[in-house]
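Here's the structure we're looking at; comments come further down.
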Amino acid sequence: MDFLPDSHTFVLYSLACVLLFVTPGPDMSLWLAKTISGGRRGGTAAMLGTQVGCVCHTVFAAIGLSALLAASATAFAAMKIIGALYLLWLAFSAIRSGSALNVKAEAKPPGSFRSTFLLGLGVNITNPKVVLFFLTFLPQFVQANDPHAAQKLFFLGLYFVAINLPLAFVLILGAEKVVAWLKARPRVLRGIDFTFAGVFGLFAFKILTTQAR
């Protein structure tokens with residue numbers, strides 16, 4: 001079980017994953033829009049597509065970061081610093097721009113399960129922000145001198161998907177109520193934004209101060 005992080009890191013990572021899930025973004029907007037226009041089947045297809053995309057990002061990021069670590073622990077540490085700066089930017093953007101919840105029911109007939117799945121996969125896997133996020137987020141929970149870093153990177157990425165799946169199914173089941181509730185309560189969305197910014201800002205500060213020692 002060398003791929004498992006220590007209990008403290010595991011708890012922090014789990015909380016970060018849940019916070020990421022409840023912060024509305026393009027993937028969530030797509031699930032909700034497809035659910036409203038095409039029913040739960042359409043929302044599920046889109047959601048599964050985006051989650052398969054996350055698995056692909058996990059594989060690519062883990063392979064690339066593992067190769068970087070094998071080549072140079074210093075370069076890997078530099079990537080962690082870059083990642084921390086990116087997390088600070090995400091925190092700033094959350095406060096400046098707010099949550100990206102954009103749900104509009106489509107007038108055209110819903111597509112097939114396969115086409116909607118592929119749409120979700122395509123939206124996720126071609127999003128450069130998702131690529132950058134996986135490359136900078138995962139290393140924050142792995143030490144540069146950890147001999148089992150590669151296995152942990154794979155585990156953390158797949159665990160992220162495992163947390164998302166049940167929460168996403170619950171979200172899709174109550175999609176219309178969730179959308180109506182959130183739109184009627186913009187302060188809740190702002191509260192999520194500030195919570196996201198605060199937590200990820202603290203993550204980034206801790207990483208930067210640790211690396212500077």
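The values are calculated or read from the model by the stated rules, or taken from the named source; none is laboratory data. It should be emphasised that the depicted structure is a prediction, and the values quoted were computed from it without experimental measurement. Every residue, glycine among them, receives a Cβ derived from its backbone with ideal geometry; neighbour counts consider all protein chains shown. Surface areas here come from the heavy atoms of the whole protein model, side chains and all, with no ligands, DNA or RNA. Shrake-Rupley method; radii C 1.70, N 1.55, O 1.52, S 1.80 Å.
Structure notes:
- Filtered residues of segment 176-206 (kept if small (G, A, S), in a helix (DSSP H, G or I) and either more than 20 Å from the chain's Cα centre (by Cα) or surrounded by fewer than 13 Cβ atoms within 10 Å (Cβ to Cβ) (or both)): A180, G191
- Unique match (being part of a helix (DSSP H, G or I) and surrounded by fewer than 13 Cβ atoms within 10 Å (Cβ to Cβ)) among T209, T136: T209
- The set of residues from segment 139-175 being of a type in the set (V, I, T) and part of a helix (DSSP H, G or I) comprises V161, I163, V170, I172.
- For the residues G83, G25, G49, G53, the requirement of being open to solvent by less than 50 Å² (accessible area, probe 1.4 Å), farther than 30 Å from G198 by Cβ and not acidic (D, E) singles out G49.
- T44 being over 30 Å from H148 (Cα atoms) and not in a loop (DSSP other than H, G, I, E, B): yes
- Segment 91-103 residues that are modelled with pLDDT of 75 or more, paired with ones that are open to solvent by 50 Å² or more (accessible area, probe 1.4 Å) (beta carbon under 7 Å, 6 or more apart): I95/F194
- Any chance V18 is aliphatic (A, V, I, L, M), in a helix (DSSP H, G or I), free of Cβ contacts under 8 Å to residues at least 24 places away in the same chain and within 22 Å of F205 (Cβ to Cβ): no
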